[in-house]
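The values are calculated or read from the model by the stated rules, or taken from the named source; none is laboratory data. Everything numeric here is computed off the predicted structure, so don't read it as measured data. Cβ: placed from backbone, ideal geometry, glycine included. Neighbour counts: every protein chain shown. Just so you know, the surface numbers come from the protein's heavy atoms only, side chains and all, with ligands and any DNA or RNA stripped out. Shrake-Rupley method; radii C 1.70, N 1.55, O 1.52, S 1.80 Å.
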Amino acid sequence: MRDVKVVPHQADWQEKFEEEKRELTNLLPDAAIHHIGSTSVPGLAAKPIIDIMIEVPSLERVDELREQFNQLGFVGKGENGIPNRRYFYKGEGNERAVHLHIFPYGIDHVTRHLAFRDYLREFDGEAKRYGDLKSMLAKKFPHDMEGYIQGKDQFVKNLEKKALSWNEKNKRAGNQ
């Protein structure tokens, strides 16, 4: 069981991502490795868990490297509820430190995660509203991760729609 802990943005989160990225790049040299989630947005309150999304040419290759992921401290959970994903985490219980979300190149989940991150980086007001909601929910559900997740679900879905629309407009305008 994990407690719900949301903290102010930490300056070392980017550094922690870079450390993980170095190890993961050695394991997956043909991958694109992205810092996603709330820890990737400056100023945004977050659970202190680094979310990393990796794009790879082949999930089969990831499956073949399962033991190497284990040696780096990652526990593999397969698709874990999302088709065409491989999910790993590092750290047990309240010591959870990293989530890995690995997808094939170009899949919709990649676009969605990157658009969400970039939208929050661009619009401070939206990021603050999201951080305030997460902080309030963490206080309301300190020992109920499912309650915390459900409490922010509709807000996240609405924010994701805005982010995808914004991302599409930027693509059409040639800004990406």
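Listed here are the pairs 139/162; 5/171; 77/169; 77/161; which of them are more than 31 Å apart at the Cα?
5/171; 77/169
Give me the net charge of residue 87's neighbourhood, meaning all other residues with Cβ under 10 Å from the Cβ of residue 87; Lys, Arg count +1, Asp, Glu -1.
After counting each charged neighbour, the total is +2.
Quick one: compute the contact order of the chain, relative version, from alpha carbon pairs under 8 angstrom and 6+ residues apart, as a percent.
Answer for the chain is 23 percent.
Which aspartates and glutamates does residue 152 reach when only Cα atoms under 15 Å apart count, and residues fewer than 8 places away in its own chain are ignored?
The reachable aspartates and glutamates, counting only those whose Cα sits under 15 Å from residue 152, are 126, 132, 144, 160.
In straight Cα distance, which lysines are under 19 Å from residue 21, not counting same-chain residues fewer than 8 positions off?
Partners found: 90.
How large, in percent, is the carbon and sulfur part of the accessible surface of region 1-160 at a probe radius of 1.4 Å?
Roughly 49 percent of what the probe reaches on region 1-160 is carbon or sulfur.
Find the percent of Cα-Cα distances in region 87-176 that exceed 15 Å, and round it to a whole number.
Value for region 87-176 (Cα pairs over 15 Å): 70 percent.
What does the chain give for Rg and for Dmax, in Å, if only its C-alpha atoms count?
Gyration radius and largest Cα-Cα distance of the chain: 16.2, 46 Å.
Taking θ as phi - 60°, what are the ³J(HN,Hα) couplings along region 86-96 by the Karplus curve (6.51, -1.76, 1.60), each to the nearest whole Hz, with x for Gly and Pro?
10, 10, 9, 9, 10, x, 9, x, 6, 9, 3
With θ set to phi - 60° and the Karplus curve 6.51 cos²θ - 1.76 cosθ + 1.60, what are the ³J(HN,Hα) couplings of region 57-73 in order, to the nearest whole Hz, using x for Gly and Pro?
Values per residue, Gly and Pro as x: x, 8, 6, 4, 5, 4, 4, 5, 9, 3, 5, 5, 4, 4, 5, 7, x Hz.
Which ³J(HN,Hα) values, rounded to whole Hz and listed in residue order, are derived for region 138-148 from phi using the Karplus coefficients 6.51, -1.76 and 1.60 in 6.51 cos²θ - 1.76 cosθ + 1.60 with θ = phi - 60°, glycine and proline given as x?
5, 6, 6, 10, x, 10, 9, 4, 5, x, 4
Placing one identical point scatterer on every Cα of region 9-100 and ignoring solvent, what is log10 I(q)/I(0) from the Debye formula at q = 0.11, 0.15, 0.22, 0.24 Å⁻¹?
Summing over Cα pairs of region 9-100 leads to -0.30, -0.56, -1.19, -1.38.
Give me the accessible area per residue for the chain, probe 1.4 Å, as a whole number in Å².
Dividing the accessible area of the chain by its residue count gives 54 Å².
As a test of the formula, what do you get for the chain when each DSSP H run with n ≥ 4 contributes -39,500 (n - 2.57) and the sum is divided by the residue count, at 222 nm and rounded to the nearest 500 deg cm²/dmol?
-16000 deg cm²/dmol
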